[in-house]
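Novice: Could you have a look at this structure, given as structure tokens, before my questions?
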Amino acid sequence: MKEYRNKLTAVLLAIISIAVLAGCNSDAGKASGKSDPLKVHIALNGKMGPLVIAKEKGLFDEEFSKLDAQIVWSEFPSGPPLLESLASNRVDLSFLGDGALIAGIDKNLPFEVIAQTGRGESSVRILAQPEGDIKQIEDLKGKTVGVASGTTGHVYLIKALKAHGLTTDDIKLINLQPDDAQSAFETKQLDAWAIWNPYYLNNIEKGNAVALNVKGKILAPGAIIARNEFAKAHPEIVEAYLKVYKKAADWQIENPDEASEIYSKETKLPVSTVKTIITAEEPNIFFTEDAIKAQQDSINTLAGVGYIKKSFNFKNQIHNEYIDEAFKK
């Protein structure tokens, strides 16, 4: 029994020693002021855009290291699946096309609009089979049309149909993400496809599709967003994010050839095709009146067809405080 008590005492002393040492190490860590860097979840929405440049060129490293922040990257094929992750607090900063943006605001999802990505003048088209019988928007009646539901392509399609006296009730709408729609279009399971770049230009240049003319000019401006709680807790990170986004956008404008090479590697598209896309319209994070007007028109249109519950004032959704602070003179 005595031998057993001695062994038990030795074990207990060993456990106490380990606990004391662990506590000392923990206290030493606290005393040194060291802590794990803040993890910032940034989402890529597609394979092109200033965030891709910023990631490839390491532009966030300097700005974020000053703030003891570290990026966790994720990637999504379009806005709707990105919104799901944002609602689950798995995305802090990103950007959205107008379709996902409007739907997200309508559903009161937890994000703020902090800047724009551009006017979206050249980003979306409706494609038809090159040898098919669809020559104009009116010919879409009764046809099978693919689009990713809730995306900027969806909004563009609704507005284009409206401009020509049609609605989505006049077509057979198939909900497909871009890569699936590409396959369906190539195998002629789709008569038409509402899609954004780089998909639409790549298909046209290959002779796989023709773009349908639409009455008037339909803008599809995107927006840069921040998750509400994150922005409230870390406004300095949001401001740094905007600075880096603009730096990447400016670099793309000044270096179109190198930027095209980067995007070409990401998308597997010809460099010449990519360059045509990125030089057709320059990114601009500062809201313009025509972009705001286009967003409001999209909101009113989607409310009118019942896609969102009711219309709302887009200007009231814009939080300029971050961009004002980031670029104050």
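Novice: Hey, what's the per residue convex hull volume over the C-alpha atoms of region 51-123, in cubic angstrom?
Specialist: Taking only Cα atoms, region 51-123 has a hull volume of 117 Å³ per residue.
Novice: Identify all lysines with a Cα-Cα distance to residue 310 below 19 Å; exclude those on the same chain that are fewer than 8 residues away in sequence.
Specialist: 107, 159, 162, 293
Novice: What is the angle, in °, between the Cα long axis of helix 152-163 and the longest principal axis of the Cα atoms in the chain? Nearest 10 is fine, range 0 to 90.
Specialist: Tilt relative to the chain: about 20 degrees.
Novice: Return the loop-located trypsin sites (Lys or Arg not before Pro) in region 207-272 (DSSP other than H, G, I, E, B) with at most 15 other Cβ atoms within 10 Å of their own Cβ; answer none if there are none.
Specialist: Hits after loop and neighbour filter: 215, 217, 268.
Novice: In whole percent, and with a 1.4 Å probe on the protein chains, what portion of the accessible area of region 125-277 is carbon and sulfur?
Specialist: C and S atoms contribute 45 percent here.
Novice: On to the next question. Taking the chain on its own, what percent of its Cα-Cα pair distances exceed 36 Å?
Specialist: The calculated P(r) of the chain puts 29 percent of pairs beyond 36 Å.
Novice: What net charge do the residues around residue 78 carry, taking every other residue with its C-beta under 13 Å from that of residue 78, with Lys and Arg at +1 and Asp and Glu at -1? Mind showing how you got there, number by number?
Specialist: On the way: positive: 47; negative: 75, 84, 98, 179, 180.
My count for the surroundings of residue 78 gives -4.
Novice: Need one word for region 94-203: rounded, prolate or oblate. Basis is the Cα gyration tensor (sqrt eigenvalues a ≥ b ≥ c); a/c below 1.5 gives rounded, then a/b vs b/c decides.
Specialist: prolate
Novice: Cross-link candidates for residue 141: which aspartates and glutamates have Cα within less than 19 Å, leaving aside residues fewer than 8 places away along the same chain?
Specialist: The qualifying aspartates and glutamates are 131, 133, 169, 170, 191.
Novice: Also, I was wondering about something else. Of all GluC sites (Glu not before Pro) in region 258-306, which ones are in loop regions per DSSP and have a Cβ with at most 14 other Cβ atoms within 10 Å? Mind dumping the intermediate values first?
Specialist: Working: sites: 258, 261, 266, 281, 289; in loops: 281.
The qualifying sites are 281.
Novice: Quick check: the angle from helix 289-304's long axis to the longest principal axis of the chain, C-alpha only, nearest 10 degrees?
Specialist: Value to nearest ten degrees: 80.
Novice: Now for a different question. Work out the length of the dipole vector of region 117-253 about its Cα centre, built from +1 on the beta-carbon of each Lys and Arg and -1 on the beta-carbon of each Asp and Glu, and round it to the nearest 20 debye.
Specialist: Magnitude of the dipole: close to 400 debye.
Novice: Next up: How big is the dipole moment of region 241-290 about its Cα centre under a simple scheme where the beta carbon of each Lys and Arg is +1, that of each Asp and Glu is -1, and everything else is neutral? Debye, nearest 20, please.
Specialist: Numbers: 6 positive and 10 negative charges, 56 e Å.
Charge dipole, region 241-290, about its Cα centre: 280 debye, nearest 20.
Novice: A further question follows. What size of dipole, in debye to the nearest 20, comes out for the chain about its Cα centre when the only charges are +1 on Lys and Arg C-beta atoms and -1 on Asp and Glu C-beta atoms? Write down the numbers at each step before the final one.
Specialist: Numbers: 38 positive and 43 negative charges, 168 e Å.
Charge dipole, the chain, about its Cα centre: 800 debye, nearest 20.
Novice: I want the local charge near residue 156. Using Cβ-Cβ distances under 10 Å, sum +1 for each Lys or Arg and -1 for each Asp or Glu among the other residues.
Specialist: With Lys, Arg at +1 and Asp, Glu at -1, the neighbours total +1.
Novice: Quick one: go through region 57-71 and flag any residue whose amide nitrogen is under 17 Å from the point 7 Å out along the Cα-to-Cβ line of residue 250.
Specialist: 57-64
The values are calculated or read from the model by the stated rules, or taken from the named source; none is laboratory data. All values derive from a computational prediction rather than experimental measurement. Positions of Cβ are generated from backbone atoms using ideal geometry, with glycine treated the same way; all protein chains shown enter the neighbour counts. SASA here: full protein model, heavy atoms, side chains in, ligands and nucleic acids out. Shrake-Rupley method; radii C 1.70, N 1.55, O 1.52, S 1.80 Å.
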